[in-house]
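The values are calculated or read from the model by the stated rules, or taken from the named source; none is laboratory data. The shown structure was predicted, so the numbers you read here are calculated from the model rather than taken from an experiment. Every residue, glycine as well, gets a Cβ built from its backbone with ideal geometry; the counts of neighbours run over all protein chains shown. Please note that ligands, DNA and RNA were not included when accessible areas were found on the heavy atoms of the full protein model with its side chains. Shrake-Rupley method; radii C 1.70, N 1.55, O 1.52, S 1.80 Å.
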Amino acid sequence: MPANNTSLLTIFLLFLGLLRFDSFPGLQAATGKLASVPGLYVFGDSLVDAGNNNYLPISISKSNYPHNGIDFPNKKPTGRFCNGKNAADAIAEKFGLPLPPPYLSLRGLLKRETRKSAAVTGVNFASGGAGIFNGSDQKLGQAIPLSKQVNNWLSIHKDLTTQLGPSEAQAHLSKSLFTVVIGSNDLFDYFGSFKLRQQSNPQQYTQLMADKLKEQLKRIYDSGARRFLIIGVGQIGCTPGKRAKNSTIHECDEDANMWCSLYNDALVKMLQQLKQELQGSMTYTYFDNFKSLEDIISNPAPYGFADVTSACCGNGGELNADLPCLPLAKLCSDRSKYLFWDRYGHPTEAAARTIVDLILSDDSHYSSPITLTQLVST
């Protein structure tokens, strides 16, 4: 893209950011304290999937049906595993960017112009059910594993470089934010596979996860990415579905949470090593999602939540979590008071926004080695 067109695009996006949010769903003026982020590129699983799985013909890992999306503009079930917008959307809004569209929605000749625009402002590559490993979901066509998500990014990178030219594309990417939210499904696979548990103990498996993620982060870095937001695995032992299996007191599955902690520890060390290997040319913030959820669950009232154990959308049992969120599921009346949207632990829109507020907080209680606001200001 010639420089004058790039300037026009920048002015246009700034203009939209100044308009009322309710006039343009999906856009919001960036807060005054946030530095400019020209693009947001998202990798991960169902926590941030914007609808990529809608385009996988045989996948059953989809959420493009009610009650999903009941609080999205026009009550549209987009493929987000949520009642409204997810954390990736909330981050985009905070920086005044359009919601990054799902990569698979940008294919075809009729989408050429949309793809060119999205290549600049951001694309969502995440896929519900995806993992760091190329697991059984990928073999069955159920999800897009991280390695293939990075392949898809390299395709967008090629488009971006063609538009802007190599030098301007590199400058753009160095200021953009690359967000990675993945790992839960690999742990779920480990819980459910006797074969995997035979092959490696929890420490070995979680280290393998961190090592494999490192490979993919290097691929993204080698394409020009410099700023990374890495979100750790949350307390997946405290999801409504896990709690429901404890039929008497509905406590968290502490074994599952322990394995999450093991992975997060390995992840933190890997990121430190990677930055050292890259001689500091990569900057990142790691967000301790485990600790943040632990604090919200132990004291929900200050965060505005009244229920941090049940599924807002589901069916069966005391926690409404025996069945998934299907069109005939029971739906809670006030979604803003629930932490969890469904039995699998996907957050409600209110919960996703709360987490993003914590990610953007100046308090480094959950973020290391720097906060996201510090990252984008460097």
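General remarks:
- Scanning region 247-300 for residues that are in contact with an Asp or Glu (Cβ under 8 Å, 6 or more places away or on another chain), hydrophobic (A, V, I, L, M, F, W, C) and either at pLDDT below 95 or assigned to a loop (DSSP other than H, G, I, E, B) (or both) turns up nothing.
- Residues (without any contact (Cβ under 8 Å) to a residue 40 or more places away in the chain and either open to solvent by less than 10 Å² (accessible area, probe 1.4 Å) or aromatic (Phe, Trp, Tyr) (or both)) located in region 214-263: 237, 257
- The single condition among (1) among the small types (Gly, Ala, Ser); (2) within 22 Å of residue 183 (Cα to Cα); (3) not in a helix (DSSP H, G or I) that residue 352 does not satisfy is (3).
- Members of region 316-367 found to be aromatic (Phe, Trp, Tyr) and over 13 Å from residue 47 (Cα atoms), listed by number: 338, 366
- Inside region 37-48, residues that are on the phi < 0 side of the Ramachandran plot and either assigned to a strand (DSSP E or B) or open to solvent by less than 10 Å² (accessible area, probe 1.4 Å) (or both) make up a count of 8.
- All positions within region 301-326 that are in contact with a Phe, Trp or Tyr (Cβ under 6 Å, 6 or more places away or on another chain) and assigned to a loop (DSSP other than H, G, I, E, B): 312
- Looking across region 270-307, just one residue is touching a strand residue (DSSP E or B) at 6+ places or on another chain (Cβ under 9 Å), among the hydrophobic types (A, V, I, L, M, F, W, C) and free of Cβ contacts under 8 Å to residues at least 40 places away in the same chain, and that is 306.
- Filtered residues of region 333-355 (kept if surrounded by fewer than 20 Cβ atoms within 10 Å (Cβ to Cβ) and either among the hydrophobic types (A, V, I, L, M, F, W, C) or modelled with pLDDT under 95 (or both)): 333
- Residues of region 77-96 that turn out to be surrounded by fewer than 24 Cβ atoms within 10 Å (Cβ to Cβ) and among the aliphatic types (A, V, I, L, M), as a count: 1
- All of 4, 64 fail the test of being polar (S, T, N, Q) and at pLDDT 95 or above, apart from 64.
- The residues on offer are 300, 324, and the sole one that is touching a Gly at 6+ places or on another chain (Cβ under 7 Å) and surrounded by fewer than 20 Cβ atoms within 10 Å (Cβ to Cβ) is 324.
- Conditions (1) aliphatic (A, V, I, L, M); (2) open to solvent by 30 Å² or more (accessible area, probe 1.4 Å); (3) in contact (Cβ under 8 Å) with a residue 24 or more places away in the chain; number of the one not met by residue 311: (2)
- Single condition residue 285 does not satisfy, out of (1) under 25 Å from residue 205 (Cα atoms); (2) β-branched (Val, Ile, Thr); (3) open to solvent by 10 Å² or more (accessible area, probe 1.4 Å): (3)
- Any chance residue 350 is aliphatic (A, V, I, L, M) and either touching a His at 6+ places or on another chain (Cβ under 9 Å) or farther than 15 Å from residue 70 by Cα (or both): no
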